[in-house]
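The values are calculated or read from the model by the stated rules, or taken from the named source; none is laboratory data. Remember, predicted model here, so these are calculated numbers, not experimental data. Virtual Cβ from ideal backbone geometry, glycine too; neighbours counted across all protein chains shown. Please note that ligands, DNA and RNA were not included when accessible areas were found on the heavy atoms of the full protein model with its side chains. Shrake-Rupley method; radii C 1.70, N 1.55, O 1.52, S 1.80 Å.
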Amino acid sequence: QEQQEAVVSTQSTGEIKGVLKPGKVSEAALKTANHVNNIPKLKERLQAIKQTLPWIETLDVTIDLKVPAQELADIANDKFKQEMLFYKQCSVGAQQGILRLKEMGIPTSRPEDFFAEMVKSDEHMKRVKEKLISKQLTMERTAKVTKSRKMKKLGKKVQQEVLKQRQQEKKQVMETVKKMRKGKADKEDIDNFEINEEEPKERPLSIKEMNRKRKAKEAKYGFGGKKKRAKTNTAESYKDVSSFSSRIHSKPKRSAKNDKRMAGKGQRPGKNRRAQMKSNKSKKK
């Protein structure tokens, strides 16, 4: 990429013309104005603008942490260490300023009954609070949905791995069985292959043994008796009247004749009879 050079020429007429030429930048164009560090003049100007005010008006505190030179060289290339140094310096300065204010008898904390009117109204702050709460709820809901999706994907992945492992185990078992049938199985395959042998079934008891067992249990626990038709009447139960009670079984049925609460009240007439009685009353009037 070619660079261009600006050559400025001043003529007698006072006009400035710029001519662009390719090539390097000339040394004349790179020259800057000479800066003079005139310390006496600077101090003179400082005294002119300096104001001698009491400390309570400026609250300036100068702190010298006395950091070693070697550590300063490390701090110059580390942003985090620089920030920590600034923090320590500000903390020490604030502590010294508070002590000096207390010595002067100036309060440094706000009183408990201090009332300050808010710049923004309560309605505005309420809207801000509602917006922040809704934003927080939205973020929580989004995080929950994202987490559930990740868990779902993870669950599917685990399920696929389990199914794949089962298929491999099944394939390995089938191959071992084929080898064992052909007599080509190794000793390790036979040792690792588990065969679930069925336990031998008990011999069924003969009729004589069953009768002997039944008789032994009946002698020990007794015979349960016949369950069928247990509540049917017999000649003895029919003649037995010991459980009969005239107070309970001879109680008359509740009716208008034998109920004292319904005494003096006759049977209510039917619907047609009531309608006829109503019409007769209206005719008499």
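The Val61 and Glu130 beta-carbon pair, evaluated with R₀ = 41 Å, returns a calculated FRET efficiency of approximately 0.45.
So how much slack lies between Met151 and Lys215, counting 0.36 nm per residue of separation and subtracting their Cα-Cα distance, in nm? Don't jump to the answer; show the numbers that get you there.
Numbers: separation 64, 0.36 × 64 = 23.04 nm, distance 6.48 nm.
Once the chain is fully extended between Met151 and Lys215, it gains 16.6 nm.
Simple spin-label estimate for Glu123 and Asn77 gives 6.1 nm between the two label positions (7 Å along the Cα-to-Cβ direction from each Cα). Shown is the FRET efficiency for Gln47 and Lys102, computed with R0 = 35 Å from the Cβ-Cβ distance and rounded to the nearest 0.05: 0.60.
Rounded to the nearest 10 square angstrom, Asp240 shows an accessible area of 90 square angstrom against a 1.4 Å probe.
Accessible surface of Phe114, taken over heavy atoms with a 1.4 Å probe and every protein chain present, rounds to 110 Å².
Site pair Val177 and Lys271 shows an inter-label distance of 7.9 nm when each label is modelled 7 Å from Cα along Cα→Cβ.
Using the Cβ-Cβ distance between Thr138 and Val158 with R0 = 22 Å, the FRET efficiency computed as 1/(1 + (r/R0)^6) comes to roughly 0.15.
Of Glu140, Glu117, Glu236, the residue with the largest accessible area leads and the full order is Glu117, Glu236, Glu140 (1.4 Å probe).
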